[in-house]
Structures are given as C-alpha cells and as structure tokens.
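Chemist: Please see the structure below; I have some questions.
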Amino acid sequence: METAGCCFFDLFFTLIKPEYYPDMSENEVLGLSIEEWESYAEDKALYLERAGGFVTEESKIIEDITMLLPMQVNPFQKKELLRQRKARMQHALMNVDGRILEMLERLKLSGWKLCLISNADVIDCMYWKESPLFSCFDKALFSCCERLLKPDVRIYQRAMQYMNCTPEQSIFIGDGGSDELRGAENAGMKTVFTEYLERKPEERRRDLMKEADWHITDIAELPGIVSRG
C-alpha cells in the first residue's frame, strides 16, 4: 500500500489520561489533595530536568519531588509514592480507550505511518512496550531518551527524519500541552488540536484553536480530517 504520510501523536491527554484511582494516588500517601500534590510533582524545573533525560533513576524522581514538600517524608512513604506513581502510569498505558485504538487502526489501514512524540520521564514511559498502543506505532520518541522536549523544533525534525517524511507529508495531533502545536507548526507540520480526552478552559481553548489547523472533540473524526489534509 502506498504511504499516505505520517501522523505524529502526543501521548498524555491525547491518547491516554493518567487519572488517579485508589491505590494509584500518590497524593493520598501524604494526605494531600491531587491539586496540592501536583503543585509539587509538576514543578516546572523538576519536570524539565526529568523529562529532559537528566534524571534516569525512578527513585530520584520521587526524591526530588519530596524535597519540595513542606513536610518530612519517610523512606516507607517514598517507596509507596514510587509504587503508586508507577501503578498509575501503567494503568493509563494498559487501559487505552477502545475508540482511540480503532482510530489508530483505521489510519494504518489507510496507509498512514504513525509516530509518537512525547514529553516523558523514565517512569512515564517504562510500560510503553506493554501497552496496546505499542503495536500501533512505527516509532516512539520520548523526550527523556532523545534529550529534547516539545516544543523544540528539533524533536519534530528528528521524528520526521526517522519516519522519512517531509513536513508536507506530516500531521501532528495533540491536546496542546507544552506548546506542542506551536512547535509542530514551526517544524512545518499541519496540526490537529484534540479535546477528546480532556476539555480545556474556554480561554485556553480559544488560544489553541488559533494555533491549530483543525480542532476535534471526537477522536473518530481524525481519519476523515487527515485524509482531506
């Protein structure tokens, strides 16, 4: 079959959503709300360091987060934080929305090559090969392995090089986090802003819609859009 081109996908909040569940909620280990926990766990400086590949040990990720907390965290709690964080990421990767898997299969049957470009640390991507998504993709680029993060244009260029696709043959699909749509546009790709897994606040949605060539709320729309793109 002749190749139609290449679709480049974001991972988090585009294909999976790492939600909190009982026994998969780091915040509960410390008696914090999800919002309180994430204000420390998603600290920008820490995130850029670990997603940039400068933290390669799982335990060091947890250690760095706990250093920011306004409380003492004992060794048992640190071990439990790591266990629950890993369980949450594994659950998200193993339990992929069936409509997303159907959409990816439709794209492949139509001749599209599929490549993942994800800002991720070593915990985020450690269960990738166990995920049903793994067999759908021809290639996956994780920022912690590439030492490049979206929206740096070089990670998109590297992905296109791996896939042997030109910008004109390339479409990027994402929820807009990390300014990824702007980065893809700067690399010459067409862009699709998806809100299938998470709806954005109104002001943020308007801004992202300005950056994207297309906007979807139903992932089943995507094969039709890229075929016309």
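Chemist: Whole-Hz Karplus ³J(HN,Hα) for region 121-129, in order, using 6.51 cos²θ - 1.76 cosθ + 1.60 and θ = phi - 60°, x for Gly and Pro?
Modeler: Using θ = phi - 60°, the values come out as 9, 5, 6, 4, 10, 5, 9, 4, 6 Hz.
Chemist: A follow-up question, please. Expressed as a whole number of Å, what is the distance separating the alpha-carbon centroids of region 24-99 and region 173-226?
Modeler: So the separation of the two Cα centres works out to 27 Å.
Chemist: Also: Using only Cα atoms and rounding to the nearest 10 degrees, what angle (0 to 90) does helix 58-68 make with the longest principal axis of the chain?
Modeler: Its long axis makes an angle of about 60 degrees.
Chemist: Projected area of region 172-229, taken from the Cα convex hull and averaged over every viewing direction, in nm²?
Modeler: Details: hull surface 14.7 nm².
Quarter of the Cα hull surface area: 3.7 nm².
Chemist: Using a cut-off of 12 Å between beta-carbons, work out the net charge of the residues near Gly176 (Lys and Arg +1, Asp and Glu -1, Gly176 not included).
Modeler: -1
Chemist: Over 21 Å between Cα atoms, which of Lys44/Lys150; Lys113/Lys200; Lys190/Lys210; Lys17/Lys79; Lys44/Lys190 qualify?
Modeler: Result: Lys113/Lys200; Lys17/Lys79; Lys44/Lys190 exceed 21 Å.
Chemist: Helix 153-163 versus the longest principal axis of the chain: what is the Cα-based angle in degrees, 0 to 90, to the nearest 10?
Modeler: 60 degrees
Chemist: Here is a further query. Of all GluC sites (Glu not before Pro) in region 1-42, which ones are in loop regions per DSSP and have a Cβ with at most 14 other Cβ atoms within 10 Å?
Modeler: Glu2, Glu19, Glu42
Chemist: While we're here: Measuring from the lowest to the highest alpha carbon on each principal axis, how far does the chain reach, largest first, in angstroms?
Modeler: 57, 36, 31
Chemist: Would you list Trp214, Trp112 from fewest to most Cβ contacts within 10 Å?
Modeler: Ordered by Cβ neighbours within 10 Å, fewest first: Trp214, Trp112.
Chemist: Quick one: dipole size for region 1-137, taken about the Cα centre, charges +1 on Lys/Arg Cβ and -1 on Asp/Glu Cβ, in debye to the nearest 20.
Modeler: Working: 15 positive and 23 negative charges, 91 e Å.
It works out to roughly 440 debye.
Chemist: Now for a different question. Report, in degrees rounded to the nearest 10, the 0 to 90 angle that the Cα long axis of helix 75-94 makes with the longest principal axis of the chain.
Modeler: Value to nearest ten degrees: 20.
Chemist: Within region 112-134, which residues have the backbone N less than 15 Å from the label spot 7 Å out from Tyr21 along Cα→beta-carbon, could you tell me?
Modeler: 131-132
Chemist: Which residues in region 175-204 place their backbone N less than 15 Å from a point set 7 Å from the Cα of Glu221 along the Cα-to-Cβ direction?
Modeler: Only 175-176, 191-200 pass the distance filter.
Chemist: Take the Cα gyration tensor of region 26-93, multiply each eigenvalue by 5, square-root it, and list the three semi-axes largest first, rounded to whole angstrom. Present the calculation step by step, with values, prior to reporting the outcome.
Modeler: Values: eigenvalues 57, 43, 31 Å².
They are 17, 15, 12 Å, listed from largest to smallest.
No lab work stands behind these numbers, since they all come straight from the coordinates. Just so it is clear, the model here is predicted, and its values are computed rather than measured. Note: ideal-geometry Cβ built from the backbone for every residue, glycine included; neighbour counts use all protein chains shown.
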